[in-house]
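Trainee: Take this structure first; my questions come after.
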Amino acid sequence: MDTSSLSLVDLSRAQFALTAMYHWLFVPMTLGLGGIIGILETFYYKTGNPEWKRITQFWMKLFGINFAIGVATGIILEFEFGTNWSNYSWFVGDIFGAPLAIEGILAFFMEATFIAIMFFGWNKVSKGVHLMATWLTVFGATISALWILVANAWMQFPDGMTFNPDTMRNEMADFWAVLLSPVAINKFFHTVFSSWIVGSAFCLGVSAWFLLKKREHSLANKSILIASVFGFLGAFLTAITGDGSAYQVAQRQPMKLAAMEGLYQGKEGAGLVAFGVLNPAKETYNDSINPFLLKIEIPKVLSYLSYRDIDAFVPGITDLMEGGFEQVSRDGCTTTALSAEEKMRLGDKAVQALAAYKTAKSEGNDSLASAHRAEMEANYPWFGYGFVPEKADLIPPVPLVFYTFHIMVTLGMFFLALFLLTGWLSWKKKLDNQRWLQWIALLGIPLAWICSESGWIVAEVGRQPWVIQDIMPTYAAVSALNPTSVLVTFILFAVLFTVLLIAEIGIILKQIRKGPEDVH
Amino acid sequence: MTVIQRVFRFYYEGFRNMTLGKTLWAIILIKLFIMFAILKVFFFPNFLNSRFESDEEKAAYVSEQLTEKQTP
């Protein structure tokens with residue numbers, strides 16, 4: 001593979017990462033703050049106290065700003081699929097088509113209808129109808145997220161499809177296997193619950209700012225209590241679903257797990273790295289350099305989290321490259337793991353069989369075509385390995401995955417403790433004088449986004465080089481474009497999204513400084 | 001008033017009475033214009049649709065791309 005195609009892949013990846021990460025600045029706030037607004041309005045509906053309405057309308061205004069700035073930013077990702085990742089788009093079009101179409105219809109009809117009632121409907125529809133519209137907006141946004149996460153989960157764990165060499169497409173064979181795959185279920189709930197943390201951290205931080213400024217005492221205290229309870233619930237459920245996600249990663253993407261933990265040499269009773277500093281001198285998986293400069297481990301926990309057995313063997317990067325260890329396959333049988341070379345050989349056979357099938361088919365030799373097709377199908381689970389130039393390319397960037405994973409987990413624990421503390425002190429009406437905690441809560445706003453984005457970096461960088469796990473690497477998925485044109489669009493997006501972000505932050509800060517308006 | 005008239009009036013009054021919402025709608029419309037009328041048209045044509053007419057041609061191209069990209 002020449003240098004120009006490498007730079008094309010790198011640029012295309014950078015562009016997709018940039019747009020996805022910017023898009024993700026808006027989404028978790030919509031999902032998380034939406035839930036808080038629903039709870040606040042439910043209190044208004046139950047009590048009839050206009051103070052709850054005033055509080056709801058204040059947060060709803062901030063929700064509206066975020067929604068307006070963020071809406072449709074995800075469509076750019078779909079542009080990129082068609083332009084920059086055309087091989088991939090064609091290859092998976094049938095799988096992606098259904099979830100994305102459902103997502104589009106739901107997003108348009110549910111959110112667009114109910115969000116109008118939510119913003120325009122005060123005093124025009126009954127309290128009950130308005131409350132229902134608010135909750136349906138939140139529900140609609142959450143269900144929209146389901147479909148895109150199902151599509152993403154399928155890329156991490158392709159299932160429920162068959163590859164048709166005539167159309168060159170993976171065709172959906174089992175919709176329910178795609179929708180209800182354990183990876184999709186865990187990913188959906190983990191993502192939604194973690195978004196509750198982001199929305200709650202924002203609500204908590206802004207309310208703490210009001211307390212620091214000795215303003216809006218009632219709004220701040222009521223909001224802090226609701227955000228703390230909702231945020232704690234979100235953080236707790238995120239931890240549980242995070243455990244489920246890590247278990248799925250151990251079964252389906254062991255290389256990602258090894259990178260998350262900086263685990264080069266597998267072992268039985270493997271410990272979980274609670275804190276670690278990687279050794280930058282480590283260059284290859286099989287050199288003798290210790291991967292850690294410093295490491296504090298919790299014994300046996302990684303084995304338990306990965307296989308529900310404290311003595312289970314967790315393969316490291318070296319084991320996954322060299323194979324030879326016992327593993328449980330997708331159909332539940334115990335097999336010996338293949339080495340990277342063996343997988344690349346099988347992938348090579350699959351791709352060559354595909355080419356031979358195409359040739360035999362064009363020559364009208366059906367029996368030969370059938371034989372090649374059978375060979376291709378037998379080796380299809382390793383199809384993507386046929387495109388991998390060097391076996392070292394099968395290892396994701398370990399430092400980035402390791403550090404973002406540990407940042408995510410550490411911040412997750414931080415928010416669990418923060419929400420517990422603020423909730424308790426707020427309940428006891430002792431938060432007003434805790435200025436240090438108010439400052440920490442304010443600092444929690446950017447930390448929540450760092451935590452959330454780190455989670456996506458783990459998920460997406462950790463599965464490199466795969467765009468579809470084991471089936472298609474990024475360099476086979478990319479369109480044959482001029483790298484300069486990708487660079488131009490990268491810069492355009494960077495400018496556009498930065499302007500949008502500055503606009504959002506500016507408008508939100510102005511509205512926060514202005515504070516809530518009188519009830520209308 | 002018919003249901004359609006009531007729905008129209010609901011939206012009409014909602015949009016008319018917006019304050020901050022007018023700024024937000026301006027941002028949304030500018031953003032959508034940039035995305036669909038500039039970016040999509042000039043920078044993000046569908047790679048396969050802009051080069052091939054039929055699905056068969058697209059499949060043949062992707063097949064060729066994938067088998068060519070294979071490591072020798």
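The values are calculated or read from the model by the stated rules, or taken from the named source; none is laboratory data. Computed from a predicted model, the values in this text were never measured in an experiment. Cβ: placed from backbone, ideal geometry, glycine included. Neighbour counts: every protein chain shown. Each accessible area value is taken on the protein alone, full model and side chains, heavy atoms only, with ligands, DNA and RNA left out. Shrake-Rupley method; radii C 1.70, N 1.55, O 1.52, S 1.80 Å.
Trainee: Would you mention how many residues in region B:1-23 are facing chain A (nearest Cβ under 9 Å) and either part of a loop (DSSP other than H, G, I, E, B) or not charged (D, E, K, R) (or both)?
Mentor: Counting residues in region B:1-23 that are facing chain A (nearest Cβ under 9 Å) and either part of a loop (DSSP other than H, G, I, E, B) or not charged (D, E, K, R) (or both) gives 9.
Trainee: Same structure, new question: Hey, any hits in region A:2-11 for a residue that's part of a helix (DSSP H, G or I), crowded, with 22+ Cβ neighbours inside 10 Å and modelled with pLDDT under 95?
Mentor: The answer is yes; a qualifying residue exists.
Trainee: Moving to a separate point now. Give the residue that is most open to solvent (accessible area, probe 1.4 Å), with candidates limited to residues of region A:299-323 that are in contact with a strand residue (DSSP E or B) (Cβ under 6 Å, 6 or more places away or on another chain) and closer than 17 Å to residue A:264 by Cα.
Mentor: The selected residue is A:313.
Trainee: Identify, from the list A:470, A:432, the residue that is in a loop (DSSP other than H, G, I, E, B) and either under 24 Å from the mean Cα position of the chain (by Cα) or within 14 Å of chain B (Cβ to nearest Cβ) (or both).
Mentor: A:470
Trainee: Which ones in region B:36-48 are surrounded by 15 or more Cβ atoms within 10 Å (Cβ to Cβ) and either more than 9 Å from chain A (Cβ to nearest Cβ) or among the basic types (Lys, Arg) (or both)?
Mentor: Matches in region B:36-48: B:40 only.
Trainee: Any residue in region A:118-129 that is more than 21 Å from residue A:141 (Cα to Cα) and more than 10 Å from chain B (Cβ to nearest Cβ) sitting within a Cβ distance under 9 Å of a residue that is among the small types (Gly, Ala, Ser) and open to solvent by less than 70 Å² (accessible area, probe 1.4 Å)? List the pairs, counting only those 6 or more apart or interchain.
Mentor: A:127/A:48
Trainee: I'd like the residue in region A:160-193 that is open to solvent by less than 20 Å² (accessible area, probe 1.4 Å) and in contact with an Asp or Glu (Cβ under 6 Å, 6 or more places away or on another chain) and, out of all such residues, is farthest from the other protein chains (Cβ to nearest Cβ).
Mentor: Only one residue tops the list, namely A:181.
Trainee: If you go through region A:473-487 one residue at a time, how many are touching a strand residue (DSSP E or B) at 6+ places or on another chain (Cβ under 8 Å) and either basic (Lys, Arg) or away from chain B (no Cβ under 12 Å) (or both)?
Mentor: 0
Trainee: Another question about this same structure. Go through region A:488-520 and give me each residue that's more than 10 Å from chain B (Cβ to nearest Cβ) and basic (Lys, Arg).
Mentor: Within region A:488-520, A:513 is the sole residue that qualifies.
Trainee: Which ranges mark the helices (runs of 4 or more DSSP H) fully within region A:40-143 that have 3 or more residues being under 30 Å from residue A:473 (Cα atoms)?
Mentor: Qualifying helices (runs of 4 or more DSSP H): A:75-83, A:86-106.
Trainee: For region B:24-35, enumerate the residues that are open to solvent by 30 Å² or more (accessible area, probe 1.4 Å) and facing chain A (nearest Cβ under 7 Å).
Mentor: B:27, B:32, B:34
Trainee: List pairs: first residue in region A:375-392 and over 22 Å from residue A:156 (Cβ atoms), second residue among the small types (Gly, Ala, Ser) and buried (at least 17 other Cβ atoms within 10 Å of the Cβ) anywhere in the structure, Cβ distance under 7 angstrom, at least six positions apart or on different chains.
Mentor: Between residues of region A:375-392 that are over 22 Å from residue A:156 (Cβ atoms) and residues that are among the small types (Gly, Ala, Ser) and buried (at least 17 other Cβ atoms within 10 Å of the Cβ), the close pairs are A:375/A:353; A:376/A:350; A:376/A:353.
Trainee: Which one is most open to solvent (accessible area, probe 1.4 Å) among residues in region A:352-388 that are touching a Leu at 6+ places or on another chain (Cβ under 7 Å) and within 25 Å of residue A:337 (Cβ to Cβ)?
Mentor: A:382
Trainee: If you don't mind, another one. Would region B:49-67 turn up any residue that is outside any helix (DSSP H, G or I) and within 8 Å of chain A (Cβ to nearest Cβ)?
Mentor: yes
Trainee: What are the residues in region A:273-291 that are surrounded by fewer than 18 Cβ atoms within 10 Å (Cβ to Cβ) and within 26 Å of residue A:187 (Cα to Cα), if any?
Mentor: A:274, A:275
Trainee: Right, another one. Just for region A:49-71: of the residues that are free of Cβ contacts under 8 Å to residues at least 60 places away in the same chain and open to solvent by 20 Å² or more (accessible area, probe 1.4 Å), which one is farthest from the chain's Cα centre (by Cα)?
Mentor: A:49
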